[in-house]
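A.B. asks: Have a look at this one.
Rule-based calculations on the coordinates, nothing more; no lab input. Given the structure is predicted, the values throughout are model-derived calculations rather than measurements. For neighbour counting, all protein chains shown are included, and Cβ atoms are generated from backbone atoms with ideal geometry for every residue, glycine included.
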Amino acid sequence: MYEPLFAYLEQRFPLSDDDKAEIAAVVTHRTLKKGEFLLREGDAARVGAFVAKGFLRSYVIDNKGKEHIIQFAPENWWVSDKSGMNPDTTASFFIDAIEDSEVLLMDLTGHLTLMDKVPGYAKSFQAGIQKRATAKDTRIINSLTATAEERYDDFIKTYPSITARVPQHMLASYLGITPETLSRIRKLQSRKR
């Protein structure tokens, strides 16, 4: 069950058998059915999840009950609520499965162990943080400056492999538009082709 994580990490740095044993010692497996929660707002969020199989999302719900999707997480992606990793706080996000999924969970202690004991892990983790920060900044800038159509175009160009897996109402939520607006954008684009 650890093989997807090992393959993911080996794309970033070499893993010895000892490294794999260290990783296996701090990671636990969990199966989620479609719609099942990995995390709810207010929970103690002490783990990060690597998606070995399936598809998850993280989101918040505003005071009017409307969902705002923060992230989609298909296979070979990590998903977590970093604010909840602090022992003094609780989760701000909900994380649930869009499809039946299998995740590998690692808590902060396990993460720190790997930072110390697995050569290459710390450097890879730092590079991942930089990549995610850049993607987050790009998304913020796009949400402030791009039209709805431009945001949709950017999503399908950036994430072509997951676009078809995302239900329309969830994609609209991620883009910050209504499902009706997304439908109009798709119709206009299909006419242009």
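A.B. asks: On C-alpha positions alone, give me the angle between the axis of helix 108-117 and the longest principal axis of the chain, in degrees, nearest 10.
C.D. replies: The helix 108-117 is inclined about 60 degrees to the chain.
A.B. asks: Out of all Cα-Cα pairs in the range 63-156, roughly what percent, to the nearest whole number, are more than 21 Å apart? Please list the in-between numbers first.
C.D. replies: Numbers: 2184 of 4371 pairs.
For the range 63-156, the share of Cα pairs beyond 21 Å comes to 50 percent.
A.B. asks: Show which lysines lie in cross-link reach of Lys34 when reach means a straight Cα distance below 19 angstrom and same-chain residues fewer than eight apart are skipped.
C.D. replies: Lys53
A.B. asks: I'd like the FRET efficiency for Asp62 and Ile129, computed as 1/(1 + (r/R0)^6) with the beta carbon distance as r and R0 of 30 Å, rounded to 0.05. Each step should come with its number before you reach the end.
C.D. replies: Details: r = 27 Å, r/R0 = 0.91.
FRET efficiency, Asp62 to Ile129: 0.65.
A.B. asks: Any idea what % of Cα-Cα pairs in the range 3-120 are farther than 24 Å?
C.D. replies: 28 percent
A.B. asks: Once phi is turned into ³J(HN,Hα) by the Karplus curve 6.51 cos²θ - 1.76 cosθ + 1.60 with θ = phi - 60°, what whole-Hz value does each residue of the range 130-137 show in order, with x for glycine and proline?
C.D. replies: Values per residue, Gly and Pro as x: 4, 5, 5, 5, 5, 4, 5, 4 Hz.
A.B. asks: Moving on to the next point. With a cut-off of 8 Å between alpha carbons and a minimum separation of six or more residues, what is the relative contact order of the chain in percent? Intermediate results must be reported in sequence, preceding the final value.
C.D. replies: Numbers: 287 pairs, mean separation 44.2, N = 193.
For the chain, the relative contact order is 23 percent.
A.B. asks: Sorted by packing (mean other beta-carbon atoms within 10 Å per residue), highest first, where do 115-122, 142-149 land?
C.D. replies: Order by mean packing, descending: 115-122, 142-149.
A.B. asks: Mind listing P(r) for the range 1-71? All alpha-carbon pairs, 10 Å bins, whole percents.
C.D. replies: The calculated distribution, bin by bin, is 15, 40, 28, 13, 3, 0.
A.B. asks: Any idea how far apart Ala146 and Thr163 come out in nm if each label point goes 7 Å out from Cα toward Cβ?
C.D. replies: Each label point is offset 7 Å from its Cα along the Cβ direction, giving 1.2 nm.
A.B. asks: While we're here: Using the Karplus equation 6.51 cos²θ - 1.76 cosθ + 1.60 (θ = phi - 60°), what ³J(HN,Hα) coupling, rounded to whole Hz, does each residue of the range 167-174 give in order, writing x for Gly and Pro?
C.D. replies: x, 4, 5, 6, 4, 4, 4, 4
A.B. asks: What residues have an amide H closer than 5 Å to that of Leu56, excluding those fewer than 5 places away on the same chain, when H is modeled at 1.01 Å from N in the peptide plane?
C.D. replies: For Leu56, the qualifying residues are Ala73, Ile98.
A.B. asks: Let me ask you something else. Gain in length, Lys34 to Arg191, computed as 0.36 nm per residue apart minus the alpha-carbon separation, to one decimal in nm?
C.D. replies: Values: separation 157, 0.36 × 157 = 56.52 nm, distance 3.39 nm.
Roughly 53.1 nm would be gained on extension.
A.B. asks: Check which residues have an amide H placed less than 5 Å from Leu38's amide H, if you skip close sequence neighbours.
C.D. replies: Ile95, Asp96, Ala97
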